[in-house]
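Read-outs: derived from the displayed coordinates by stated rules, not from any lab. This is a predicted model, so every value here is computed, not measured. When we count neighbours, we look across all protein chains shown, and the Cβ atoms used for this are built from the backbone with ideal geometry, even at glycine.
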């Protein structure tokens, strides 16, 4: 009895350890039937262990998926193998499921395998967000300094040019006007940067994101996007997001305006606004014991020429722009606002298909 009790206790401890791992872990038998799944795997497959035990791993990925080839190789060689950046996307698992995989044979059970998935895309998204937020913080300090050290002297320069303008010849008066115009332009740039130094907590309310997107689309169609075809793919059952409606309008107005500029020279320009609920998207944040769920997905998609991979890696950093007269602060501000709402933003771009995707948490019940 003591031995049975000890074995049961060890099994329970092992289960507890596996359930606390941040990576999905499953075990399959010689027929690829799933015989074990930890808690993270249940989230990954969007199914309980009781349900998963009725399926083979083959039924979650396509028949030609590299995961199945990897399982066969490990089973034949009887030695563990790692494979990086494996695409396990499927109708069951969803799109954009890029993972690192570790497959290990189970010595005690012939043909059995333990498979560990590491959700690479999620880690990369969070790492990028930390970089964006760090860059935004550096701009915050710079903005505070610029507000004091540049705007005051510029005011004096502009005032002096205005006084000189009254006593100069017509030819020289144009130069004085140039000094005034350039002083005003620098002040406007500094004003934009000072937005980054606003660290006040958000006033949050439950926001219907479809109201936000409808407003943004209305603004675009009445101005800079009047000649562009807009499409909507909205999930009508989407929960509210906890946020500031004005700031969210600013985020999507910036993204839609950029999309309109991207398709300006494209034949049949199109922009698609989409919302969806993805319950399996969860992030582990350093310093927090609990995982953060980001099930709300909002995207702005265009059929423009795309963004180069080099720019994609830095496009949310301040002063990065491909526009001739751009300040490079628009997307940095978008990343700051999204981060303040507890979300992440990413860009996936190929020629003819550029998509900005925002993931956010739902409004807590206290606000609903």
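Testing the spin-label approximation: label points 7 Å from Cα along Cα→Cβ at residue 58 and residue 264. State their distance in nm.
Here the modelled spin labels are 5.5 nm apart.
Give, in nm to one decimal, the length gained when the segment between residue 231 and residue 12 is fully stretched (0.36 nm per residue of separation minus the Cα-Cα distance).
Stretched out fully, the residue 231 to residue 12 stretch lengthens by 73.7 nm.
Determine, from the Cβ-Cβ distance of residue 22 and residue 293 and an R0 of 22 Å, the FRET efficiency 1/(1 + (r/R0)^6), rounded to the nearest 0.05.
About 0.95, to the nearest 0.05.
Quick one: order 15, 158, 226 by neighbouring beta-carbon count within 10 Å, fewest to most.
The order, fewest Cβ neighbours first, is 226, 15, 158.
Based on the Cβ-Cβ distance of residue 39 and residue 214, what FRET efficiency does E = 1/(1 + (r/R0)^6) give at R0 = 51 Å, to the nearest 0.05? Please list the in-between numbers first.
Details: r = 38 Å, r/R0 = 0.75.
Rounded to the nearest 0.05, the efficiency is 0.85.
For residue 203 and residue 182, FRET efficiency with R0 = 45 Å and r from the beta-carbon atoms, rounded to 0.05?
0.75
Could you list 60, 44 so that the one with the fewest beta carbons within 10 Å of its beta carbon is first and the one with the most is last?
With the sparsest Cβ surroundings first, the list reads 60, 44.
Only counting other Cβ atoms within 10 Å, I'd like 47, 183 sorted with the fewest neighbours first.
The fewest-first ordering by Cβ neighbours comes to 47, 183.
Once fully extended, how much extra length lies between residue 175 and residue 160, figured as 0.36 nm per residue of separation less the alpha-carbon to alpha-carbon distance?
Result for the pair: 4.2 nm of gain on full extension.
Just the C-alpha atoms of region 2-118: what Rg/Rh do they give, with Rh taken as the Kirkwood radius?
0.98
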